[in-house]
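Notes follow the structure.
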Amino acid sequence: MALSTTFRTTCSRLTSFPARNPFIFGVGVSCVKTSFSDLLVQKVVERRETIDWKRNAAFGCFGFFYLGMVQYGLYVTAFGRLFPSAAKFAAKPLKQKIKDTKGMFQVGLQVFLDQCVHHPFMYFPAFYCTKELVMSEKPDLMNALSKYGENMKDDLLALWKIWVPAMVLNFSFMPMYARIPFAAGVSLIWTCILSSMRGGDVVHENEIAGGAITGATMSLLKEGFTEFFQSPVDLDKNMAHFSISASGLDRPGWVALLSRAVAEDGGNVTHSKMVRLGQDFIILMHVAVPPEKLRNLVKSLAQNKELKPLNIQTTHLSRRSTGKFVQPRHGLRIHSIGEDRPGILASLSEAINEKGMSIENVSTELRMGKNGRRNFVIDMECTTCREWDRDNIEETTEDFARLKKKLKLDIIDVRIAEVQVQMR
């Protein structure tokens, strides 16, 4: 009986600790959350073999002092005095909250002060400076603030998408002692999502470090890291494969006519590229078809009078022979944009070749940019059969950074991941 009473007393003290010690609890949770977020980024995103504990301690200190102490002073102390009825409003049932227009208005004011005053003029400058001190070999705080000035619009738009609804919930439903832990929880969830989506993204580790919601991390999350390119010829060994190349004077309906002709004879279009170039329409298409239907499909396309102006050519495709090639270990997805000039594709592909990598898929196009500038866009997927460690990855990203400068590119974005090859 005495043991049961002691247990209940201990549990009661533990559960009531946050309410009895809101400052200590909030600061502690923020410190642990920020430190854990950085560990998550280092191990999952950057895939470090050893933890940079100095960096981790720096972010932990940022969580302790700013996210814990400063934000406690704002969300609990300052807001508690500016809005004396905030705690009572949070404790009310939902039906009473809806009827309390003054309370809802005060919630809106708190969100406005936090999102439109605190974050733009206090949080983001402090975060950019902290990250500059931690991530740069030669920290330049003015350069950090200049970066924030450039990114301010995107950062705030990204921030508001997540934190405006989050802080409405926080200020409406959380007791005062839970405001800081709630904000820490939302931030941790964001970091977990970002880490799971961007595992292996070594190029953007500076943007992801710290786990803050910025324009950069929001765009990285939206982009995600989709499955790497796999050749359909290698993936599906039970099907026959052939390619279609065609060109002819452009007219409406070519795509519909050709794709319907393929489908009616049992073919399935997978990868394709179709584009109008001047007065001609160019088609390159991969088709998978059951082996017993291959001959009829090819014959049908050759004899189709409506498709004759396209000058269709078909080429049989074979799978790689087992044992005659090495399975790729790592994949690179490269995206570059720069002012159009001769030699960009040649230089990029030569750099890929010098690294012993194989180009699996590449597409290029011209886009008209601002002021009529012609931008050359390259999207490329490459593989390497070599086992890369972190030094190899860092060397590769540095080489691409130098190539970006040499070619005067606006963007060269590199994603690196282990290739998961699936065969059916």
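The values are calculated or read from the model by the stated rules, or taken from the named source; none is laboratory data. As the structure is a prediction and not an experimental result, all values here were calculated from the model. Note: ideal-geometry Cβ built from the backbone for every residue, glycine included; neighbour counts use all protein chains shown. In case anyone asks, the SASA skips ligands and DNA or RNA and just uses the protein heavy atoms, side chains included. Shrake-Rupley method; radii C 1.70, N 1.55, O 1.52, S 1.80 Å.
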Here the residues within the range 128-158 that are part of a helix (DSSP H, G or I) and of a type in the set (Ser, Thr, Tyr) are 128, 130, 146, 148
When restricted to 354, 339, the only residue open to solvent by 40 Å² or more (accessible area, probe 1.4 Å) and in contact with a Phe, Trp or Tyr (Cβ under 8 Å, 6 or more places away or on another chain) is 339
Checking 124, 79 in turn, the sole residue that is over 28 Å from residue 54 (Cα atoms) and either of a type in the set (Phe, Trp, Tyr) or in contact (Cβ under 8 Å) with a residue 12 or more places away in the chain (or both) turns out to be 79
By residue number, the members of the range 295-330 that are in contact with a Ser or Thr (Cβ under 8 Å, 6 or more places away or on another chain) and at pLDDT 80 or above are 298, 301, 302, 310, 311, 312, 313, 314, 315, 317
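Taking the conditions exactly as written (under 21 Å from the mean Cα position of the chain (by Cα) and either surrounded by 14 or more Cβ atoms within 10 Å (Cβ to Cβ) or at pLDDT below 85 (or both)), does residue 413 satisfy them or not?
Values: under 21 Å from the mean Cα position of the chain (by Cα): yes; either surrounded by 14 or more Cβ atoms within 10 Å (Cβ to Cβ) or at pLDDT below 85 (or both): yes.
Here the answer is yes, as residue 413 does meet what is asked.
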Taking the range 369-400 and keeping residues farther than 18 Å from residue 339 by Cβ, aliphatic (A, V, I, L, M) and at pLDDT 80 or above leaves 380
Exception for residue 311 within (1) open to solvent by 80 Å² or more (accessible area, probe 1.4 Å); (2) within 25 Å of residue 231 (Cβ to Cβ); (3) not basic (Lys, Arg) falls at (2)
- Query: If you go through the range 254-270 one residue at a time, do you hit one that is touching a Pro at 6+ places or on another chain (Cβ under 6 Å), open to solvent by 50 Å² or more (accessible area, probe 1.4 Å) and outside any loop (DSSP other than H, G, I, E, B)?
  - Reply: yes
When the range 312-353 is checked residue by residue, the ones that are charged (D, E, K, R) and within 28 Å of the chain's Cα centre (by Cα) are 329, 333, 339, 340, 350
